[in-house]
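Peer 1: First the structure, then my questions, so here it is.
The values are calculated or read from the model by the stated rules, or taken from the named source; none is laboratory data. All values derive from a computational prediction rather than experimental measurement. FYI the Cβ positions are ideal-geometry reconstructions off the backbone, even for glycines, and counts take in every protein chain you see.
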Amino acid sequence: MKRLCVPLVLLLAAGPLSAQDTTQFREGVRVGVDYVPGTRPGLVVLPGPGLDSVRAMVRRDLDYSDRFEMIQVDDAPPGGAGTGPVNYGIYKTLGAQLAVELVEAASGVTARLHDLTASKVRNQQTVGLPGGTDPGYRLQVHQLADEITRWASGTPGVAATRFLFVSGGRVYEVDSDGSNLLPLTPDGVTALSPTWSPDGQRFAYTKLEGGRGGALVQALAGGAPQVAPGPASGLNITPVFAPDGRTLAYAHSDESGTDIYTANVADRCCAQRLTVGRYADNLSPTFSPDGRRIAFVSTRAGPPQIYVMAADGTDQELLAPFDYGATGPSNAPEWSPDGANVVFHRDVSRSPQLFLVDVAGRRVRQLTSAGRNEDPTWAPDGRHIAFISDRSGRRQIWIIDMETGRVRQLQTPGAARLPSWSRRLGRTAVVPNP
Amino acid sequence: MRASSLMLLTSAVLIAACGGKAPPEEPAPEPTPAPAPAPAPAPVDDSAERERLERERMAREAAERAKALTAEMATMINFEFDKADIRQNDQGTLDRKAAILVANPNVKLRISGHADERGSDEYNLALANRRAAAAKRYLESKGVDGGRMEVVSYGEERPLNPGSDEDAYAQNRRDEFEVTAGGDNLVAPQ
């Protein structure tokens, strides 16, 4: 009996369970992330001659997909790689079921996914790559990694994505792996709430000036920002694009309160008011992926909570249930890419924590419990969420994988706020020009 | 130097008490005006010089009163966490502002709302906007024309106290009041 206990304890203490952010029970609902170790396939990126930076980037992207148990091999075992056929047996003994082989091709790289169990090449593709100094180089390597993730798991990765966030009052852009940090708004102007257009070519944000502010739409390629149509006085905050990329929703604050408007930013017209707050606040709109509904924050019942309405402003109702007088303020909703959930933050003991509400069942689930965790934003794969946390001291972008509970930091030089995760960026994505 | 200044002050007070010129409309303000750095020797019986000093004294007192009124206009009010209600002990502050605004119809006011750093960054813009609007509505209820007041919000972007403790938060949850026009030579309310 005693003999059995020791390995059992070790099993519980070690492994991915320790990466879980929370395992609390609350209000009879199991919160946090349940993860059964060992269900992810082991994957090895084969060593080989040349392509060191491509191999390092692909390995990290596959790791960050959180879909594989990454198996590290620093040097090729005898007969393991290099020229000639891959020695499947050696990597199988290391626990790998999949192997990624990267070899130099005429003007780029050939990627092969080996199925070690079936002893065959499952997928293969040759892609052209620009030189390592070309600004499009990293994006194309990330796209290749996302494609390999799709071969291996059925769903593409999210490496070829970027973040917008605010630091020191400026909007910055950064790659999903922390590279290519670039300011997008000028120094000395307070910018807030950046958000991507669906095509990744533009972003919207609030420019705060003298206590007033406009919702602006700016092309990443440059040029003058466009002011969103609508009330010119007061403060236009929390802009968000509809999935059609033509409609912008935002909240307008003036002395009668804060209300949600939509406007057509393609034809620069047709501002329409969706809520009538009468000294209450309605803000932070977020569209369902089909564009038919908008979740938002409202103070109509007192403290801010999460509501939902049709995109024309009708059928307004509570989305995330709360106990009046007990539940903390809830803010910053963002609708998931699959439409099933809305993530938001809710104060618990005056500290914001991430929560999910499922749209069909209206059940609320708490995701985090330690420190401040706020302003969540979905990855396009619908399983990763980026948010701002102070768990490392100052506020930084962190990324949680909902399936495994694994959390990683995306380091930025200054304190970060208000992140927005792009959709997968295509080959036409505007490349930062440092 | 000190003796001459005192004499100067004494003679000025005597002149005022004798009622040679139009007396000030209300009692002098509590703080005694600082002695003017007058390098002149003690005045002899010279009416032109006395008039000059009298004008200086009245101007000084008027400036003091205006300064006090300006300070009253700039007095901030504070709020409870996540609240935009005017607190009872801030009503007096707003009542005094309203009286000054009524007595000085050319004065325009910008009210800016602020929040502490704890709430959501974006919600704090709306909350601070509501705080500024609440002060404006209160002043309107006391007879100040709404067209003279503008409402702006800085959310949590401009903390008064950069700290992250309850004291700092309490200071940062506030409305600031800035006179944007007609602020020179404020007249005291009757």
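Peer 1: From B:93, B:180, B:75, grab the single residue that is within 13 Å of chain A (Cβ to nearest Cβ) and under 19 Å from the mean Cα position of the chain (by Cα).
Peer 2: Working: B:93 fails: within 13 Å of chain A (Cβ to nearest Cβ); B:75 fails: within 13 Å of chain A (Cβ to nearest Cβ).
Every option except B:180 fails the conditions.
Peer 1: Considering only residues that are more than 9 Å from every other protein chain (Cβ to nearest Cβ) and of a type in the set (Asp, Glu), look in the stretch B:148-172 and name the one that is farthest from residue B:84 (Cα to Cα).
Peer 2: Checking each candidate, the answer is B:165.
Peer 1: Now for a separate question. Note down all Cβ pairs under 8 Å where the first residue falls in the stretch A:282-296 and is closer than 20 Å to residue A:246 by Cβ, the second is basic (Lys, Arg), and they're at least six residues apart or on different chains.
Peer 2: Within 8 Å, the pairs are A:287/A:293.
Peer 1: Would you mind stating whether residue B:165 is free of Cβ contacts under 8 Å to residues at least 24 places away in the same chain, surrounded by fewer than 23 Cβ atoms within 10 Å (Cβ to Cβ) and within 30 Å of residue A:375 (Cβ to Cβ)? Steps first, answer last, please.
Peer 2: Working: free of Cβ contacts under 8 Å to residues at least 24 places away in the same chain: yes; surrounded by fewer than 23 Cβ atoms within 10 Å (Cβ to Cβ): yes; within 30 Å of residue A:375 (Cβ to Cβ): yes.
Yes: the conditions hold for residue B:165.
Peer 1: Would you point out which residue out of B:98, B:63, B:59 is under 20 Å from residue B:185 (Cα atoms), modelled with pLDDT of 95 or more, more than 14 Å from every other protein chain (Cβ to nearest Cβ) and within 18 Å of the chain's Cα centre (by Cα)?
Peer 2: Details: B:63 fails: modelled with pLDDT of 95 or more; B:59 fails: modelled with pLDDT of 95 or more.
Checking each option against the conditions leaves just B:98.
Peer 1: For residue A:286, are the conditions met, namely being buried (at least 24 other Cβ atoms within 10 Å of the Cβ), outside any strand (DSSP E or B), modelled with pLDDT of 95 or more and within 14 Å of another protein chain (Cβ to nearest Cβ)? Outline the logic, then answer.
Peer 2: On the way: buried (at least 24 other Cβ atoms within 10 Å of the Cβ): yes; outside any strand (DSSP E or B): no; modelled with pLDDT of 95 or more: yes; within 14 Å of another protein chain (Cβ to nearest Cβ): yes.
Considered against the rule, which asks whether it is buried (at least 24 other Cβ atoms within 10 Å of the Cβ), outside any strand (DSSP E or B), modelled with pLDDT of 95 or more and within 14 Å of another protein chain (Cβ to nearest Cβ), residue A:286 comes out as no.
Peer 1: Can you pull out every residue in the stretch A:204-244 that is acidic (Asp, Glu), more than 21 Å from the chain's Cα centre (by Cα) and more than 12 Å from every other protein chain (Cβ to nearest Cβ)?
Peer 2: Narrowing the stretch A:204-244 to residues acidic (Asp, Glu): A:209, A:244.
Right, trim to more than 21 Å from the chain's Cα centre (by Cα) and you get A:209.
Selection gives nothing.
Peer 1: Quick check: is even one residue across the stretch B:121-144 part of a loop (DSSP other than H, G, I, E, B), in contact (Cβ under 8 Å) with a residue 12 or more places away in the chain and under 22 Å from residue A:328 (Cα atoms)? Even if it seems obvious, please write down each step before you answer.
Peer 2: Going through the stretch B:121-144, the residues part of a loop (DSSP other than H, G, I, E, B) turn out to be B:142-144.
In the following step, the residues that additionally are in contact (Cβ under 8 Å) with a residue 12 or more places away in the chain were identified as B:142-144.
If we keep only those that are under 22 Å from residue A:328 (Cα atoms) as well, we get none.
No, every residue in the stretch B:121-144 fails to be part of a loop (DSSP other than H, G, I, E, B), in contact (Cβ under 8 Å) with a residue 12 or more places away in the chain and under 22 Å from residue A:328 (Cα atoms).
Peer 1: Of everything in the stretch A:341-390 that's surrounded by fewer than 21 Cβ atoms within 10 Å (Cβ to Cβ), small (Gly, Ala, Ser) and touching a residue at least 24 places away in the same chain (Cβ under 8 Å), which residue is nearest to residue A:162 (Cα to Cα)?
Peer 2: A:382
Peer 1: Give me the residue from the stretch B:101-129 that is among the basic types (Lys, Arg) and within 20 Å of residue A:209 (Cβ to Cβ) and, out of that set, farthest from the other protein chains (Cβ to nearest Cβ). So that I can check it myself, show each step before the final result.
Peer 2: Keep residues of the stretch B:101-129 that are among the basic types (Lys, Arg), which gives B:108, B:110, B:118.
Narrowing further to those that are within 20 Å of residue A:209 (Cβ to Cβ): B:108, B:110.
Details: B:108: 15, B:110: 8 Å.
So the residue we want is B:108.
Peer 1: Name the residues in the stretch A:181-200 that are away from every other protein chain (no Cβ under 14 Å) and within 17 Å of the chain's Cα centre (by Cα), would you?
Peer 2: Within the stretch A:181-200, A:181, A:196, A:197, A:198, A:199, A:200 qualify.
Peer 1: Give me the strands (runs of 3 or more DSSP E) completely within the stretch A:76-187, filtered to those with at least 1 residues that are closer than 23 Å to residue A:398 by Cβ, ordered by residue number. Even if it seems obvious, please write down each step before you answer.
Peer 2: Numbers: elements: A:98-105, A:108-115, A:120-128, A:162-167, A:170-175.
Qualifying strands (runs of 3 or more DSSP E): A:162-167, A:170-175.
Peer 1: Then there is this: In the stretch A:289-305, how many are surrounded by 15 or more Cβ atoms within 10 Å (Cβ to Cβ), within 14 Å of chain B (Cβ to nearest Cβ) and not aliphatic (A, V, I, L, M)?
Peer 2: Qualifying residue count, the stretch A:289-305: 7.
Peer 1: What is the one condition in (1) among the hydrophobic types (A, V, I, L, M, F, W, C); (2) within 30 Å of residue B:144 (Cβ to Cβ); (3) modelled with pLDDT of 85 or more that residue B:53 does not satisfy?
Peer 2: (2)
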